[in-house]
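**Student:** One structure, pasted below without further comment.
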Amino acid sequence: MDPSWQPAQPGDRLAAIDTPALLVDLDAFDANLAALMQAVAAAAAPGQSIRVRPHAKSHKCVAIARQQLALGASGICVQKAAEAEVFIRAGIPDVLITNEVVAPRKLARLAAVAAEHPQARIGLCVDALGGVGALATACTAHRARIDVYVELDVGQDRCGVRTDAQVLALAQAVCRQAGLAFMGLHAYHGAAQHLRTLEERAAAIAQAAERARAARAALLAAGLPCPIVTGAGTGTFMLELSSGVYDEIQPGSYPLMDADYARNAAAADAPRFAQSLFVLAEVISVRDDGGRATLDAGLKSLATDSGPPLADLAGWQVRSLSDEHTVLDRVAGAHALQVGDRVRLIPGHCDPTVNLHDWIVACRGDHVAEVWPVNARGAVF
């Protein structure tokens with residue numbers, strides 16, 4: 001990332017930011033970080049200790065991870081070995097890859113990073129005996145130690161094992177390897193995060209929690225440890241907390257939020273996370289009747305897998321997106337836009353939107369406070 005191409009500098013006013021730019025409203029962002037930790041503390045039963053391990057795949061930003069740790073997070077999650085390497089080398093001390101890594105080259109590099117940073121903890125999920133063996137081989141070659149979690153399919157139907165027998169076989173295989181430390185179960189129901197009604201989410205997580213409860217019981221009955229059951233996301237973490245099964249939660253989107261999460265019905269006991277992430281765009285063309293305006297941010301600045309962005313501007317609606325443009329339509333009664341005006345767009349999905357940008361411009365009020373690099377942008381290996 002070339003600092004000369006930063007869209008702004010600390011102290012700049014919003015009007016001076018080069019567009020398109022990824023913005024974070026620090027007042028909303030700070031409130032979201034605090035609300036999550038307060039909600040977890042309030043929901044914990046007497047004597048219960050719940051670890052918060054935010055998912056950094058949402059922000060890919062070391063500066064944000066450091067703030068989460070400063071507020072009491074136990075570590076972070078990532079999805080890729082390359083992401084883990086970025087955060088470990090930046091000094092983040094505890095990183096869990098909530099995914100399977102099976103390619104020998106990637107495992108060798110991950111083990112090398114673990115060996116170079118023995119003070120740090122790196123965790124990885126497995127769902128096949130071959131994966132355990134390949135990881136053990138890499139750790140032996142590099143004299144490294146890696147934490148291992150058996151991934152349990154609790155409804156996502158993507159990765160993970162389904163039976164107690166498979167859980168036991170994997171855990172036993174991990175425990176036989178000197179370079180591997182069995183840490184427990186990864187039980188994340190990603191599809192439940194965006195179920196719209198409270199009833200749908202509650203039913204999905206009740207099923208997931210019962211599946212994790214049974215797998216943990218099978219491990220303990222076989223004389224095997226199960227120190228941690230980890231999972232949960234921004235849309236359901238209060239449900240996992242109330243289940244009594246989970247020791248650790250992994251919400252990712254909560255500091256930033258997006259238009260898709262805003263479509264979920266909110267639970268009365270859950271914190272209200274404010275929208276803090278925006279893409280700032282400039283009006284570059286206005287139709288002669290004022291009924292349509294074109295912005296300089298399009299598909300290369302905004303992910304649309306969860307729908308188009310929303311205009312954070314009363315009376316204007318997104319009509320269409322193309323590679324470098326978003327077209328807005330004016331609703332009757334809305335104030336007119338002029339060339340050079342700025343419009344904030346709310347992304348449909350925060351995670352892939354962040355991955356399109358090199359920098360996050362952190363603003364407080366009308367001024368730029370900080371500019372953070374998106375350190376793990378493009379770390380998809």
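The values are calculated or read from the model by the stated rules, or taken from the named source; none is laboratory data. Every value quoted in this text rests on a predicted model; they were computed, and no experiment measured them. Quick reminder, even Gly has a Cβ in these numbers, built from the backbone with ideal geometry, and neighbours come from all protein chains shown.
**Student:** Quick one: how many residues across region 268-303 are of a type outside the set (K, R) and either under 30 Å from L36 (Cβ atoms) or in contact with a Cys (Cβ under 9 Å, 6 or more places away or on another chain) (or both)?
**Tutor:** Residues meeting the conditions: 17.
**Student:** Within region 337-355, can you find the residues that are free of Cβ contacts under 8 Å to residues at least 60 places away in the same chain and either under 30 Å from K60 (Cα atoms) or of a type in the set (S, T, N, Q) (or both)?
**Tutor:** So in region 337-355, the residues free of Cβ contacts under 8 Å to residues at least 60 places away in the same chain come out as 337-341, 352.
Residues satisfying the conditions are Q338, D341, P352.
**Student:** Within region 207-248, can you find the residues that are under 21 Å from G123 (Cα atoms), in a loop (DSSP other than H, G, I, E, B) and more than 24 Å from the chain's Cα centre (by Cα)?
**Tutor:** L224, P225, C226
**Student:** Hey, another quick one. Output the residues belonging to region 315-335 that are modelled with pLDDT of 95 or more and aliphatic (A, V, I, L, M). Lay out the reasoning, then the answer.
**Tutor:** Within region 315-335, the first condition is being modelled with pLDDT of 95 or more, and the residues that meet it are 315-330.
Passing the criteria: V318, L321, V327, L328.
For (1) modelled with pLDDT under 95; (2) among the β-branched types (V, I, T); (3) under 20 Å from L356 (Cα atoms), each residue gets a yes or a no:
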{"site": "S4", "(1), (2), (3)": "yes, no, yes"}
{"site": "P10", "(1), (2), (3)": "no, no, no"}
{"site": "L22", "(1), (2), (3)": "no, no, yes"}
{"site": "L33", "(1), (2), (3)": "no, no, no"}
{"site": "V40", "(1), (2), (3)": "no, yes, no"}
{"site": "A45", "(1), (2), (3)": "yes, no, no"}
{"site": "V52", "(1), (2), (3)": "no, yes, no"}
{"site": "R89", "(1), (2), (3)": "no, no, no"}
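**Student:** Also, I was wondering about something else. Can you name the residue in region 65-114 that is of a type in the set (S, T, N, Q) and outside any helix (DSSP H, G or I) and, of all such residues, is nearest to N375 (Cα to Cα)?
**Tutor:** Q79
**Student:** So, one more: Would you say V148 is part of a strand (DSSP E or B), touching a strand residue (DSSP E or B) at 6+ places or on another chain (Cβ under 8 Å) and under 25 Å from A65 (Cβ atoms)?
**Tutor:** In short, yes.
**Student:** Could you tell me which of the residues T234, T230 is among the polar types (S, T, N, Q), buried (at least 16 other Cβ atoms within 10 Å of the Cβ) and closer than 15 Å to N99 by Cα?
**Tutor:** After ruling out the rest, the residue left standing is T230.
**Student:** Mind listing whichever residues of region 287-340 are surrounded by fewer than 19 Cβ atoms within 10 Å (Cβ to Cβ), over 24 Å from R263 (Cβ atoms) and among the hydroxyl-bearing types (S, T, Y)?
**Tutor:** S322
**Student:** So, one more: Can you pull out the residues in region 193-206 that are surrounded by fewer than 14 Cβ atoms within 10 Å (Cβ to Cβ) and either assigned to a helix (DSSP H, G or I) or without any contact (Cβ under 8 Å) to a residue 60 or more places away in the chain (or both)?
**Tutor:** Within region 193-206, E199, A206 qualify.
**Student:** Condition first: free of Cβ contacts under 8 Å to residues at least 12 places away in the same chain, among the charged types (D, E, K, R) and either crowded, with 23+ Cβ neighbours inside 10 Å or closer than 17 Å to A215 by Cβ (or both). Now tell me which residues in region 154-183 satisfy that.
**Tutor:** Residue satisfying the conditions is R162 alone.
**Student:** Same structure again: Based on this model, can you work out whether H367 counts as outside the structural domain of R66 (by TED's automatic domain parsing) and modelled with pLDDT under 95?
**Tutor:** no
**Student:** Continuing with this model, one more query. Any residue at all in region 77-100 that's out of contact with any Phe, Trp or Tyr (no Cβ under 6 Å at 6 or more places or on another chain), more than 30 Å from D30 (Cα to Cα) and charged (D, E, K, R)?
**Tutor:** Checking region 77-100: at least one residue is out of contact with any Phe, Trp or Tyr (no Cβ under 6 Å at 6 or more places or on another chain), more than 30 Å from D30 (Cα to Cα) and charged (D, E, K, R).
**Student:** Here's something else I'd like to know. Quickly run through region 47-90 and pick out the residues that are in contact (Cβ under 8 Å) with a residue 24 or more places away in the chain, at positive phi and surrounded by fewer than 17 Cβ atoms within 10 Å (Cβ to Cβ).
**Tutor:** Within region 47-90, G72 is the sole residue that qualifies.
Residue-by-condition table, conditions (1) under 19 Å from Y149 (Cβ atoms); (2) touching a Phe, Trp or Tyr at 6+ places or on another chain (Cβ under 9 Å); (3) not assigned by TED's automatic domain parsing to the domain that holds I346:
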position	(1), (2), (3)
A171	yes, yes, yes
H189	yes, no, yes
A232	yes, yes, yes
A267	no, no, yes
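**Student:** Okay, next question. Look through region 109-126, keep the residues that are farther than 16 Å from Q177 by Cβ and touching a helix residue (DSSP H, G or I) at 6+ places or on another chain (Cβ under 8 Å), and return whichever of them is surrounded by the most Cβ atoms within 10 Å (Cβ to Cβ).
**Tutor:** V113
**Student:** Give all pairs with beta carbons closer than 6 Å in which a residue from region 315-336 that is closer than 11 Å to T294 by Cβ meets a residue that is surrounded by 12 or more Cβ atoms within 10 Å (Cβ to Cβ) and among the aromatic types (F, W, Y); count only pairs at least 6 apart in sequence or on separate chains.
**Tutor:** Going by the 6 Å Cβ cut-off, the qualifying pairs are L328/W316.
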